[in-house]
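Taking it in order: structure first as structure tokens, then the write-up.
The values are calculated or read from the model by the stated rules, or taken from the named source; none is laboratory data. Since we're looking at a predicted model, the values are computed, not measured. Neighbour counts run over all protein chains shown; Cβ positions are idealised from the backbone, glycine included. Keep in mind that these areas ignore ligands, DNA and RNA; they rest on the heavy atoms of the full protein, side chains included. Shrake-Rupley method; radii C 1.70, N 1.55, O 1.52, S 1.80 Å.
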Amino acid sequence: MVYGGDLCRIAMFVNTTTVSGITLEAWLPLNWHGRFLAVGNGGLSGCIYYEDIAYGASLGFATVGSNNGHNGTSGKPFYKNPEVVKDFAYRAVHTSAVIGKQITNIFYGQNYTYSYWLGCSTGGRQGLKSAQAFPDDFNGIAAGAPAIDQVALHGWSGWQGILAGFDNTTSSFITRSQWVSIQQEVLRQCDKLDGAEDGLLEDPSLCYPKISPLLCNQTSNASTCLTGEQATRVTKMFSDLYSDNDTLIYPRMQPGIEVDSFNVYRAGTKFQYLEDWFRYVVYNDPNWDLATLSLSEIQENINADLYGIASSDADLSSFQATDGKIIMFHGSSDGVISSLNSIRYYESVVANMSMSPSELDSFFRFFRISGMGHCRRGPGGPWDVANKYTGRPIDLNTPENNILLAMVKWVEDGQAPDTLTGYGYGSSNTAGKIQVARMHCKYPARNIYVGPGNNTDKAAWKCV
Ligand code: CA
């Protein structure tokens with residue numbers, strides 16, 4: 001049970017053009033505190049995140065969420081219908097904000113006080129897009145693991161599949177048990193860079209693992225060691241991806257979470273989001289095959305940036321001028337979207353706006369959340385910053401312990417968070433007994449274990 005309070009639930013279809021529209025839900029709680037919240041989507045969906053709407057409503061926000069312009073997780077609704085793609089790229093969120101605020105004001109008979117965004121993955125992209133293109137929609141934006149530079153991300157994803165190969169029966173295919181061994185070796189080399197051997201990398205950007213210890217020799221385990229050809233492939237997969245003319249397409253996947261990345265990208269299957277985007281948006285060819293993907297093709301499509309889907313405009317000055325605030329966060333154990341790309345975006349804003357990180361702190365802060373996988377959970381670390389409903393103890397719903405309430409405090413009281421405290425519940429990842437807590441640092445600072453005390457104790461860590 002996510003939400004047990006009284007609320008009014010309104011569902012509607014809103015046309016965005018004659019050939020497109022969004023399904024929108026507004027959940028309006030009885031215990032409303034005056035604030036408006038919109039929540040995002042994931043992947044290529046297409047699905048209302050009821051769980052997130054309920055979570056917002058449970059915290060007293062009038063909360064809306066939409067299906068982002070189409071139903072389902074496939075890209076087929078984009079086929080020969082650019083208006084549906086526009087909804088997906090930006091219009092569904094803006095429409096949800098405009099309509100949702102009107103509904104809120106009418107229903108309660110008074111105007112909302114402040115408006116907020118909470119989303120992760122595609123929802124993170126949507127939040128940043130909103131700041132870039134519709135700076136008046138939200139006063140505070142919490143954007144997690146943003147799927148920005150979307151075509152580049154998809155291109156990187158497809159390239160991982162090509163490097164891994166789509167036939168998992170060949171002798172050169174790298175198996176899951178080999179990836180388990182690779183991840184163990186990465187952690188062996190890098191876990192202690194932050195001072196604590198806890199299976200987590202506080203700053204994966206510092207880790208450049210060497211593959212050579214995994215090469216097969218006379219004494220190694222044949223099912224987990226790597227042939228020379230496999231080691232070459234792994235080295236390529238571990239590298240930033242560049243186009244043929246040496247332009248960075250997308251940074252490497254952060255190290256330390258190789259098995260999750262294997263499951264998503266390297267298991268011999270074709271990554272659907274990339275294939276669907278190229279089939280139904282770029283080429284209008286339902287038979288286009290990901291196996292034919294080339295680096296120049298990726299670069300051409302990055303340059304085209306159809307419908308502004310990249311959502312990585314580094315000029316946030318219009319949003320800054322509204323006095324809006326952004327908290328960007330990204331799991332350091334995210335095996336789906338590399339947090340190194342969020343660093344790239346942050347640094348691009350630094351460069352574009354000619355502001356130092358301490359100056360950017362006035363409206364844009366970025367936190368790396370160790371132990372968080374893709375938007376939640378992960379390998380047992382302090383991932384729970386309450387960006388989603390987790391069933392955590394209710395007394396943790398304070399600005400010090402809850403990212404959304406931290407955002408409210410920043411926007412409304414001018415008190416910005418310097419850290420975000422995350423909690424972990426052990427390997428089951430089920431909210432319950434807290435087994436680890438950590439105060440996650442604001443980029444570019446990183447966490448190091450300094451003691452005294454156990455590394456599960458938040459006081460034993462320091463941002464440097
Ligand atoms: Ca560590």
Could you name every one of the strands (runs of 3 or more DSSP E) located completely within region 31-125 that has at least 1 residues being aromatic (Phe, Trp, Tyr) and touching a helix residue (DSSP H, G or I) at 6+ places or on another chain (Cβ under 9 Å)?
36-39, 115-120
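Identify all residues within region 399-419 that are under 10 Å from ALA386 (Cα atoms) and open to solvent by 10 Å² or more (accessible area, probe 1.4 Å); write none if there are none.
Kept after step one, since they are under 10 Å from ALA386 (Cα atoms), are these residues of region 399-419: 401-405.
ASN401, LEU405 - these are the residues of region 399-419 that are under 10 Å from ALA386 (Cα atoms) and open to solvent by 10 Å² or more (accessible area, probe 1.4 Å).
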Which residue, of ILE211, ILE182, ILE174, is touching a Lys or Arg at 6+ places or on another chain (Cβ under 7 Å), modelled with pLDDT of 95 or more, away from the ligand (no atom under 16 Å from the Cβ) and open to solvent by less than 80 Å² (accessible area, probe 1.4 Å)?
ILE174
Do you know which of the residues in region 440-464 that are open to solvent by 70 Å² or more (accessible area, probe 1.4 Å) and within 15 Å of the ligand (Cβ to nearest atom) is farthest from THR419 (Cα to Cα)?
ASN454
Return the residue satisfying two criteria in turn: it lies in region 185-200 and is within 6 Å of the ligand (Cβ to nearest atom) and in contact with a Gly (Cβ under 8 Å, 6 or more places away or on another chain), and of such residues it is farthest from GLU258 (Cα to Cα).
ASP198
Of all residues in region 265-294 being within 21 Å of PHE238 (Cα to Cα) and basic (Lys, Arg), which is least open to solvent (accessible area, probe 1.4 Å)?
ARG266
I'd like the full set of residues that are surrounded by fewer than 19 Cβ atoms within 10 Å (Cβ to Cβ), at positive phi and under 23 Å from the mean Cα position of the chain (by Cα), limited to region 308-339.
GLY308
So which of ASP149, ASP167, ASP203, ASP137 ends up being within 14 Å of the ligand (Cβ to nearest atom) and either farther than 30 Å from ASP413 by Cα or open to solvent by 10 Å² or more (accessible area, probe 1.4 Å) (or both)?
ASP203
Check whether at least one residue in region 86-93 is open to solvent by less than 10 Å² (accessible area, probe 1.4 Å), closer than 18 Å to LEU306 by Cβ and among the charged types (D, E, K, R), and report yes or no.
yes
When region 344-360 is checked residue by residue, the ones that are under 21 Å from the mean Cα position of the chain (by Cα) and among the hydroxyl-bearing types (Ser, Thr, Tyr) are TYR345, TYR346, SER348
Please name all residue pairs, on different chains or six or more residues apart, with Cβ atoms under 9 Å, provided the first residue is in region 39-63 and is farther than 11 Å from ALA26 by Cα and touching a residue at least 24 places away in the same chain (Cβ under 8 Å) and the second residue is crowded, with 22+ Cβ neighbours inside 10 Å and of a type in the set (Asp, Glu).
GLY40/ASP52; LEU44/ASP276
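For residues in region 359-384 being part of a loop (DSSP other than H, G, I, E, B) and among the charged types (D, E, K, R), which is most open to solvent (accessible area, probe 1.4 Å)?
ARG377
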